[in-house]
Amino acid sequence: MEIFDDRIEISNPGGLPKGLRPEDFGTRSVLRNPQIASLLNRIELIEKMGTGINKIRRALEKASLKPPKFSFTTFFTVVFKQTSCLDSATTTGIRRCQFPSGNPVIFFHGTGSPLHVSLIDKPAIENGFRIIAPARPGVSQSEFRHNWTVLEYAKEILELADNLGIRNFGIIGISGAGPTLMATACTAPERIGCVVYLACAMPLYSDPEMISHLGAMDRIFAEMGTKLPLSIFKIPFSLLGFMETVIKSPESFAKMFDASLSKADKEAFAIPEFRYLIMKDFQELFKQGSTPPAYDAQTVYKPWGFNLADIKTHIEVFHGKSDSFVPLEFSEYLKNTAKDVRINIIEEQGHFYHLVYGYNTLKNVKELFYYR
């Protein structure tokens, strides 16, 4: 489920059942699994088969709301239009895993959009977490503003928590979330119950020795991103956005990252649904053009505006040993710089382990911070 200021989107893997044409949707019913549907009907967990879509449409019409919009690819998606429910400093696209009584955790998305956080929705519910995943400025539907800083964004995260009625919360970040995750940890230690770092970026991209551990494409963009002004850097960065737009095949999309994929990550990209979701995730990043994602990248590459040594909260690190997107040396730098850091090295795993094996990730977080 993704909640934005103007709509709610609900997606599920799998398109229409075999035998049901898009033009017949809502007028005919085809059971994907007749045995399960029949069983659920007999135990009265299904009120009446084949009536759900029309019930949704009638309920929205009765409430004087706009009709739902359905779309079918390898995912089934329904969009409900809504009015703004937040009074925050900026218009922010937010994904929420709706489990209101769960332990609140704000998840800082990596390079891409909050869409990839959907991979941990089910593990979050089963482990008792309420996941809130805001989009950074200019990502997906989130309003972009020039010259935003990671410290400003950290304050907006606190405003978001206030608007949601949340006093204390955990924070988890992955990959390109490094600057905003660490800035939030630095800004409000008294409100943060845990800081979980899943192979995040560090302010090391101007260090030739450190970036030598990156894949070739990542190293080239890091060198340009640290040295060039945004007006120039966005030109080569826009090529990524152009490729995201023209590439419709998840297989072709995955080949763009092949040089940076470890063996374990290549196994993850061999899963069709995972390839498709990550492709859509990157397309969301470039939804507003090349300037917002280029600026977002430079918040990672350039100085962050605060000192990691000032972070008072304990930081729990999980890092795949074979990660070549964010090398293990980045986590070791954090341990040597911040006051209280513990590194958990995951053998024979790469960058996407934390999402693909979301159950393991959130189970570890629960045992470390919520069984006390």
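Values quoted throughout were computed directly from the atomic coordinates according to the rules given, and no laboratory measurement underlies them. Note that the structure is predicted; figures quoted are calculated from it, not measured. Every residue, glycine as well, gets a Cβ built from its backbone with ideal geometry; the counts of neighbours run over all protein chains shown.
I want the antiparallel fraction of DSSP beta bridges within the chain, as a percent rounded to 5. Present the calculation step by step, with values, prior to reporting the outcome.
Details: 18 of 43 bridges.
Restricted to the chain, the bridges split so that about 40 percent are antiparallel.
Along the Cα-to-C-beta direction of HIS213, a point sits 7 Å from the Cα; which residues of the stretch 165-181 have their amide N less than 16 Å from that point?
175-176, 178
What FRET efficiency do you get for GLU159 and LYS81 if R0 is 30 Å and r is their Cβ-Cβ distance, rounded to the nearest 0.05?
Details: r = 25 Å, r/R0 = 0.83.
Efficiency, from the Cβ-Cβ distance: 0.75.
If each DSSP helix of 4+ residues adds -39,500 (n - 2.57) and the sum is divided by the residues in the chain, what number results at 222 nm, nearest 500 deg cm²/dmol? If you can, show how the numbers build up before the last one.
Working: 15 runs with 147 residues, N = 372.
The helix contribution divided over the chain gives -11500 deg cm²/dmol.
Can you list the lysines whose alpha carbon sits under 23 Å from that of LYS227, skipping same-chain ones fewer than 8 residues off?
Answer for LYS227, where 23 Å is the Cα cut-off: LYS302, listed by chain and number.
Between ALA270 and GLU126, take the C-beta separation as r, use R0 = 25 Å, and let me know the FRET efficiency to the nearest 0.05.
Numbers: r = 25 Å, r/R0 = 1.01.
Approximately 0.50, to the nearest 0.05.
I need GLU284, GLU156, GLU209 ordered by Cβ neighbour count within 10 Å, fewest first. Write down the numbers at each step before the final one.
On the way: GLU284 22, GLU156 19, GLU209 8.
So the ranking, lowest neighbour count to highest, is GLU209, GLU156, GLU284.
Among LYS287/LYS321; LYS266/LYS339; LYS155/LYS339; LYS234/LYS335; LYS55/LYS366; LYS312/LYS363, which pairs are too far apart, with a Cα-Cα distance over 27 Å?
Working: LYS287/LYS321 33 Å; LYS266/LYS339 35 Å; LYS155/LYS339 22 Å; LYS234/LYS335 32 Å; LYS55/LYS366 38 Å; LYS312/LYS363 24 Å.
In this structure, LYS287/LYS321; LYS266/LYS339; LYS234/LYS335; LYS55/LYS366 lie more than 27 Å apart at Cα.
Shape call for the stretch 94-369 from the C-alpha gyration tensor, a ≥ b ≥ c root eigenvalues: rounded (a/c under 1.5), prolate (a/b greater than b/c) or oblate?
Working: a/c = 1.27, a/b = 1.20, b/c = 1.06.
Rounded shape, in that the Cα axes give a/c under 1.5.
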